[in-house]
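Taking it in order: structure first as structure tokens, then the write-up.
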Ligand code: ARG
């Protein structure tokens, strides 16, 4: 039974059968007073007007004889300080070690979520504005799967809209035969820019031609449809090249176009239920009661928009998957859009599915905006190449280049470089803006990806030297305070994974891993391992092995590779 449960049972024993599932045990803020504390007796007493110290004492009384605890003390105004017993601690370590899920509660078993992330616009190269949605979304994807959820990772590509008229016209007129034959996303981007510029011509001829191409596409003209399909395929191919570098995989690529045929039906239902009303030729849903303004669901020219498409998308996902939740990871400038369509979806009766927007702040580069001098956004590909280049310089500066094999050095540079970029993002609360700093991201000390990767590689090499196998096969035992602190923190792993999911913040897990690596490092400095005699040596090696597993698994859940040798 876990500590929360033990306390909950004691609460109902002390105060009667009420629901105490909210009662929690948290790690002690000061190790001198115990291993854990529980402040909920105080909270409960205040709510009921009881004497808080007395309430805490009744809980302490109910905990007498509880085998897990060595000591329970009432402190201050009514806190409970808890010291756990060695046997309990050792049992939990063994349990974690023996469990394929490393004691992460499978709270998501039988539950389904859709996570909508990355979602770039087609026919454009991915730029660094896409990194956060991709990296945060993928970490959430991994974390939810670790909790046993069935996850549908969906890439909601921006693959429909007026830009395709401009693109088709540009493709026909602004590219060379050679470019058309070996079409790339870069060429598509180029012809878009040229065509969009010409669409500004005063005579309006080019603009009309673009519109004509768009109309043909919308009406299902075979040639334009084939071109559009080719643009999308080439775009996805290019995106997948980035995703392969980042270790990201999607279950589906359902772009906006997928929902096209469903949009008229959505609007019909909105009108039939009186939710959408005509206003200046357009159809709008008035959300001013909720201070969300009005949302247009059909423009005056008859076209649908982003809101309509997202409503159709909810209908489609609910119909196909009946998910418990749909999680959208986008930048925080889209907050109004999500609030609006969440509200409309609820009014349409989609209240059984929980719609969650995970907004993130922008990333700047040491105070500079994320674009080049010419005003173009920095390409994600270039950012990743730069990360690799810098990481390679670090690897070579450390090891030299003599003798070591260039291909494995390159691979290592990718693991470190991409890991550094990801961790620089994931270690921040998604809601905050990030000022990206190469030196900080790649630092071998401090809260960085490379620091954690090095900690992992170091413990792996220690175990190799010791000839130890992973896992405390012969059981665990914990004797010194440094061992106990490390052991207690290892046991917090499942909680960190659950809290990261509950808050939709991979940063909770990143924080946990950083603290763990720091604790390990002080344990390592204070506790000789290879130089110790049996059984101290085995006892400490077992903790090292569990540390390696937890850190390795934690990094995996953040989508960060953990090479065993650096
Ligand atoms: N394509 C959009 C963009 O680049 C993001 C889409 C997010 N997902 C959604 N269902 N609206 O901003």
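The values are calculated or read from the model by the stated rules, or taken from the named source; none is laboratory data. Model, not experiment: these values are computed from the prediction. Neighbour counts run over all protein chains shown; Cβ positions are idealised from the backbone, glycine included.
Identify all residues within segment 254-273 that are within 21 Å of residue 225 (Cβ to Cβ) and out of contact with any helix residue (DSSP H, G or I) (no Cβ under 6 Å at 6 or more places or on another chain); write none if there are none.
The answer is 254, 255, 257, 258, 260, 261, 264.
With respect to the numbered conditions (1) assigned to a strand (DSSP E or B); (2) surrounded by 22 or more Cβ atoms within 10 Å (Cβ to Cβ), which one is the sole condition not fulfilled by residue 452?
If we test residue 452 against (1) assigned to a strand (DSSP E or B); (2) surrounded by 22 or more Cβ atoms within 10 Å (Cβ to Cβ), just (1) comes out false.
What tally of residues in segment 413-440 results from selecting those that are surrounded by 23 or more Cβ atoms within 10 Å (Cβ to Cβ) and out of contact with any strand residue (DSSP E or B) (no Cβ under 7 Å at 6 or more places or on another chain)?
Number satisfying all stated conditions: 9.
Name the pairs whose Cβ atoms lie under 6 Å apart, with the first residue in segment 324-337 and under 14 Å from residue 307 (Cβ atoms) and more than 9 Å from the ligand (Cβ to nearest atom), the second part of a strand (DSSP E or B) and modelled with pLDDT of 95 or more, and 6 or more positions between them or separate chains?
Partner pairs satisfying both residue conditions: 335/359.
Go through (1) modelled with pLDDT under 95; (2) within 30 Å of residue 429 (Cβ to Cβ) for residue 305 and report which single condition fails.
(2)
Within segment 338-348, work out how many residues are closer than 30 Å to residue 434 by Cβ and within 14 Å of the ligand (Cβ to nearest atom).
Matching residues across segment 338-348 total 5.
Please list, ordered by residue number, the helices (runs of 4 or more DSSP H) wholly in segment 104-181 having 1 or more residues that are within 16 Å of the ligand (Cβ to nearest atom).
Here the list reads 131-146, 163-174.
Taking segment 274-308 as the search range and keeping residues that are in a loop (DSSP other than H, G, I, E, B) and touching a helix residue (DSSP H, G or I) at 6+ places or on another chain (Cβ under 7 Å), which one is farthest from the ligand (Cβ to nearest atom)?
275
Restricting to segment 386-412, count the residues that are in contact with a helix residue (DSSP H, G or I) (Cβ under 9 Å, 6 or more places away or on another chain) and either part of a helix (DSSP H, G or I) or buried (at least 19 other Cβ atoms within 10 Å of the Cβ) (or both).
Residues meeting the conditions: 15.
Any residue in segment 514-536 that's surrounded by 14 or more Cβ atoms within 10 Å (Cβ to Cβ): show its pairings with residues that are in a loop (DSSP other than H, G, I, E, B) at Cβ separation under 6 Å, as long as the two are six or more apart or on different chains.
Qualifying pairs under 6 Å: 514/447.
Which residue, of 499, 539, is modelled with pLDDT under 95, surrounded by 15 or more Cβ atoms within 10 Å (Cβ to Cβ) and out of contact with any strand residue (DSSP E or B) (no Cβ under 9 Å at 6 or more places or on another chain)?
539
Quick one: would you say residue 338 is within 21 Å of the chain's Cα centre (by Cα), modelled with pLDDT of 95 or more, part of a loop (DSSP other than H, G, I, E, B) and closer than 30 Å to residue 135 by Cβ?
no
Give segment 212-253 a look and list any residue that's under 14 Å from residue 164 (Cβ atoms) and in contact with a helix residue (DSSP H, G or I) (Cβ under 7 Å, 6 or more places away or on another chain), or say none.
Listed by number, the residues that qualify are 213, 214, 216, 217, 224, 225, 227, 228, 231, 234, 235.
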